[in-house]
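Notes for the one structure printed next.
The values are calculated or read from the model by the stated rules, or taken from the named source; none is laboratory data. As the structure is a prediction and not an experimental result, all values here were calculated from the model. So basically every Cβ, Gly included, is an ideal-geometry build from the backbone, and we count neighbours across all protein chains shown.
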Amino acid sequence: AKSDGSRARIEVHDGVLSDSDVDQLQLEADLRHALESDELRLFYQPIVALSDETLLGYEALIRWQHPSRGLLPPGAFLDAAENNRLTSKLGEWVLRQACFDAAGWPSGLRVHVNISARHLAEPGFAELVAAALADSGLPPERLELEITESTALFAADATLQAVSEVTDAGVTLALDDFGTGYSAITALHRLPIHTVKIDRSFVADVVTEPSTAALVQGLVQLGLGMGLQVIAEGIEDLDQAQWLRDHGCVMAQGYAFGRPAPLPTRECADEVAGREALPAAVLTDGTV
Ligand code: C2E
Ligand code: MG
Ligand code: MG
Ligand code: MG
């Protein structure tokens, strides 16, 4: 059988495609197209010091400026990328663009980049990070990679090797959504973690729910006790900020301090695997 989805060029040799299969394949094809035609954007959300709201850096958060559906959040399309080889192309684009952007910021500011488990596990990941840093001129100390607990937990030996190559070079690692995984403590032991980011689902209830408050207090103490940086995610109001400050948390991110927003970006030579580097004239033309 052959589907009629000509844009996606779906071919099925046996079996039947369900509607959701077709949707998935269409989304993959559209996303592939989006990568090639400059529809992806990085938005940046400030990370601040809780004591005086000093800006410390930004987390890069991907968006898709879809031609007909408008600005899409990662939840609307990242899963489609996770199921196929788009993962590494998308991950490479994010990493390179974030490094090029951050290289143009004041030198005190760091950039946080989310890394998917699949991408981290791919051969050549450490080399990719090294190339993004070298090509952009961003010092390694200004890059922090955010991984989730499940990534850390299921990390294979090859992944651990890639991680230590990257951290040996000076890049730091944050454990994202801290507290939501099954074994946060195992993750902290297996990987050279520098920062934990307390998940916003906990922060949301910290002022109103005594049991959540106790949990967050424990997470902050665990992080501090291990000598880690602790960032509270998803702070939406000043009561939450005050509570976290009072309980020893030093850094924060959330709508109370700034929403993700576009920042000026720098031209980023796109050397995705298999594609020749293009002359600068072609790149500035936007015809990549
Ligand atoms: P995350 O890394 O935990 O990022 C924080 C998410 O919380 C972002 O959602 C951010 O917009 C949202 N957020 C921040 N402060 C607040 C707040 O005060 N209130 C509320 N309600 N939300 C807040 P976003 O941008 O939709 O991203 C969702 C997730 O998608 C991220 O969670 C991350 O896991 C993933 N993601 C985003 N960009 C990338 C990327 O470039 N690569 C990969 N692999 N994953 C990404
Ligand atoms: Mg993150
Ligand atoms: Mg998070
Ligand atoms: Mg999250």
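The listed residues are 216, 196, 220, 206, and the only one of them that is more than 21 Å from residue 117 (Cα to Cα), outside any helix (DSSP H, G or I) and not polar (S, T, N, Q) turns out to be 206.
I'd like the residue in the stretch 25-44 that is buried (at least 20 other Cβ atoms within 10 Å of the Cβ) and touching a residue at least 60 places away in the same chain (Cβ under 8 Å) and, out of all such residues, is nearest to residue 195 (Cα to Cα). Within the stretch 25-44, the match that is nearest to residue 195 (Cα to Cα) is 44. Sort out which residues of the stretch 177-204 are of a type outside the set (A, V, I, L, M), closer than 22 Å to residue 59 by Cβ and away from ligand 2 (no atom under 16 Å from the Cβ), and write them in order of number. Matches in the stretch 177-204: 192 only. Evaluation of residue 138 against the conditions (1) closer than 22 Å to residue 86 by Cβ; (2) modelled with pLDDT of 95 or more; (3) more than 14 Å from ligand 1 (Cβ to nearest atom); (4) outside any helix (DSSP H, G or I) shows that the sole unmet condition is (1).
Which condition does residue 122 not pass, out of (1) more than 16 Å from ligand 1 (Cβ to nearest atom); (2) assigned to a loop (DSSP other than H, G, I, E, B), if it passes all the others? Result: residue 122 passes all but (1). Candidates are the residues of the stretch 103-119 that are closer than 19 Å to residue 159 by Cβ and within 16 Å of ligand 3 (Cβ to nearest atom); the one that is surrounded by the most Cβ atoms within 10 Å (Cβ to Cβ) is 113. For the subset of the stretch 1-48 comprising residues that are modelled with pLDDT of 90 or more and β-branched (Val, Ile, Thr), which member is farthest from the chain's Cα centre (by Cα)? My answer is 48. Look through 166, 207 and report the one residue that is in contact (Cβ under 8 Å) with a residue 24 or more places away in the chain and surrounded by 20 or more Cβ atoms within 10 Å (Cβ to Cβ). So the residue among 166, 207 that is in contact (Cβ under 8 Å) with a residue 24 or more places away in the chain and surrounded by 20 or more Cβ atoms within 10 Å (Cβ to Cβ) is 166.
Going by the structure shown, is residue 186 closer than 23 Å to residue 50 by Cβ and polar (S, T, N, Q)? For residue 186, the condition - closer than 23 Å to residue 50 by Cβ and polar (S, T, N, Q) - is not met.
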